[in-house]
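Trainee: One structure is given below, represented as structure tokens, and several questions about it will come after.
What follows draws every value from the coordinates through simple rules; no lab data is involved. Predicted model only: the values in this text are computed from it and were never measured. Here the Cβ positions follow ideal geometry from the backbone for every residue, glycine too, while neighbour counts run over all protein chains shown.
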Amino acid sequence: MRLSRGIFEKLEYLAQSESVLILEGARATGKTTLARHLVETGVYHEYRSFADQTNLEAAQASPADFINQLPFGTIIDEAQLVEDVTLPIKSIIDADPTPGRFLLTGSTQLRRTKLGGSDPLAGRTLPPIPMYPFTMGERNETLPKLATLDRLNGSAKFDPVNSFVDILFGDLSGSTTIDRTGLEEFLVRGGMPGWFDVEDAEIRELRFEQYMRGTIALPTFSGRDRTMLESFYRYLAGSTACLANFEKFSRSNGIQGPTAKQYLSLLIEAMLIVSIPGWRSRQPKVELQSPKLHVFDTGAAATLGGLRPSENNEDFGQLLETLVVTDLLAQASWSKLHINFFHWRYKQKHEVDLLLVDRNNRTICIEVKSNSTVKTTDFQHIEKFRELYPNQFFRGIVFYTGTELHSFGNDLWAVPVGSLCQTV
């Protein structure tokens, strides 16, 4: 049985060309299940985890001996717990760069600074591949199970599960049956594989509470004030889709600016917060570069931030923007395109929630609206970006809570949020 995760095909393909791959994602987003599935399907051949005490202590005692005795095609889960293994891995792949030798997974970003402060794997591996909670399509089980590799005569062709990112840069079409009520359910449930489908809302909320406490107890946060850190994360959860403003953080939480910056850096490292940088071109004085912050999962944001999307339209709007951003980030991880994500704010008057920029600088401007209808004026900030950067502008999108796709002419479109499940 194929595992219905869009990133599977990408990993399967890259294992044919890369000696070592790195997969990073927050705790409980499904990395271990995916890793075991990669072994079950023969993409890799051995599974080891540093969550196992014997593996952990053996690797800590002698990283080189531990790595050297591993068979070809080994996955090392929770590799961030013994980052010293990156040095012997470097030695092995330098001597024999045969593809498919290692896959490292991490529940925090692997610092990999064991070679005089530099990364031993620099130039020997691709950038880490991110893994997020379930997308809307994965939750709805609408991802098509496509044939991915043709290994005849040693050839390999990447034929990924469709990504809506590719659809946004291609031919838009289709509608959805998911209306606002359905979206509210997506928002509060979130996409955590272990409990998004639990029907009891109180049980789901308790799971998120335990998840937060378990996460900030990890070594990543060692030596920090856990009570203050938990309070700060709850604040960020309730403010999801906000700009990073450390003065405001300090006023709201009683946390000094340097401490808030440090805590935020750790939360980003643990992939509990997604930071979207501000886009700036030739106008540094009028384009804000501060990042925009999103909680990695809308269920976590709703529960830990006390947001009630069915009762409060502002809460609904915050969570809806976070849903669109995180869903597109996840789908971009297996897209055929290489996409960079930004937000844009110009002279404090114009703001575009999200920019998708491909290798050719084609830029899609995205606004997220909580309304079930779209008006021409909803494109005003997108139009400003087009006016300033006509050569980069490719398409303008307003995601909304209706169910039909509408063209507003001149490369402007109203797109249902529910279309993120689209698989054509």
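Trainee: Between A122 and R308, how many nm apart are label points set 7 Å from Cα along the C-beta direction?
Mentor: If labels sit at A122 and R308, their model points lie 5.2 nm apart.
Trainee: Give, to the nearest whole percent, the P(r) tail of segment 321-384 beyond 19 angstrom, counting all Cα pairs.
Mentor: Tail of P(r) above 19 Å: 37 percent of Cα pairs.
Trainee: Within 15 Å, Cβ to Cβ, of Q256, how many net charges do the neighbouring residues add up to if Lys/Arg are +1 and Asp/Glu are -1?
Mentor: +2
Trainee: For a quick check: sort K292, K31, K261 by the number of other beta carbons within 10 angstrom, fewest at the front.
Mentor: Taking fewest neighbouring Cβ atoms as first place, the list is K261, K31, K292.
Trainee: Right, another one. Normalising by the residue count of the chain, find the relative contact order in percent from Cα pairs under 8 Å and 6+ residues apart.
Mentor: 16 percent
Trainee: Nearest 500 deg cm²/dmol is fine: what mean residue ellipticity at 222 nm does the chain get from its DSSP H runs of n ≥ 4 alone, each adding -39,500 (n - 2.57), divided by its residue count?
Mentor: The helix contribution divided over the chain gives -10000 deg cm²/dmol.
Trainee: Also, I was wondering about something else. Rounded to a whole number, what is D in µm²/s for segment 7-131 from Stokes-Einstein with the Kirkwood radius over alpha-carbon pairs (10 °C, 1.306 mPa s)?
Mentor: 112 µm²/s
Trainee: Right, another one. Sort 245-256, 227-238, 93-104, 297-308 by the packing proxy (mean of other Cβ within 10 Å over each peptide's residues), most packed first.
Mentor: Put in order of decreasing packing, that is 297-308, 227-238, 93-104, 245-256.
Trainee: Here is a follow-up. Quick check on the exposure proxy: order M136, M131 from fewest to most C-beta atoms within 10 angstrom.
Mentor: With the fewest neighbours first, M136, M131 line up as M131, M136.
Trainee: Using only alpha carbons, build the gyration tensor for segment 263-399 and give me the equivalent ellipsoid semi-axes, biggest first, whole Å.
Mentor: 24, 19, 15
Trainee: If I stretch the segment between D171 and S231 completely, what's the gain in nm (0.36 nm per residue apart, minus their alpha carbon distance), one decimal?
Mentor: 17.2 nm
Trainee: Here's something else I'd like to know. Quick one: if the Förster radius is 30 Å, what FRET efficiency do T41 and V198 give, using the C-beta to C-beta distance and rounding to 0.05?
Mentor: About 0.60, to the nearest 0.05.
Trainee: Per 0.36 nm of contour for each residue apart, how much would the distance between L405 and T377 grow if the chain were fully extended, relative to their Cα-Cα spacing?
Mentor: 8.4 nm
Trainee: What residues from segment 195-235 fall in the zone where the backbone N is under 15 Å from a label point 7 Å along the Cα-to-C-beta line of Q256?
Mentor: 225
Trainee: Still on this model: What FRET efficiency would be calculated for the residue pair T181, D65, taking the C-beta separation as r and a Förster radius of 41 Å, to the nearest 0.05?
Mentor: According to the calculation, E is roughly 0.10.
Trainee: Next up: Radius of gyration and Dmax for the chain's Cα atoms, expressed in Å?
Mentor: 21.8, 65
Trainee: Taking the Cβ of S49 as the center, what net charge do the other residues with Cβ under 14 Å away carry, scoring Lys and Arg +1 and Asp and Glu -1?
Mentor: Summing Lys and Arg as +1 and Asp and Glu as -1 gives -1.
Trainee: Moving to a separate point now. Report P(r) for segment 265-318: all Cα-Cα distances, bin width 10 Å, range 0 to the bin holding the largest distance, values in whole percent.
Mentor: With a bin width of 10 Å, the distribution comes to 22, 36, 29, 13, 0.
Trainee: Just rank D411, D65, fewest to most, by other beta-carbon atoms within 10 angstrom.
Mentor: D65, D411
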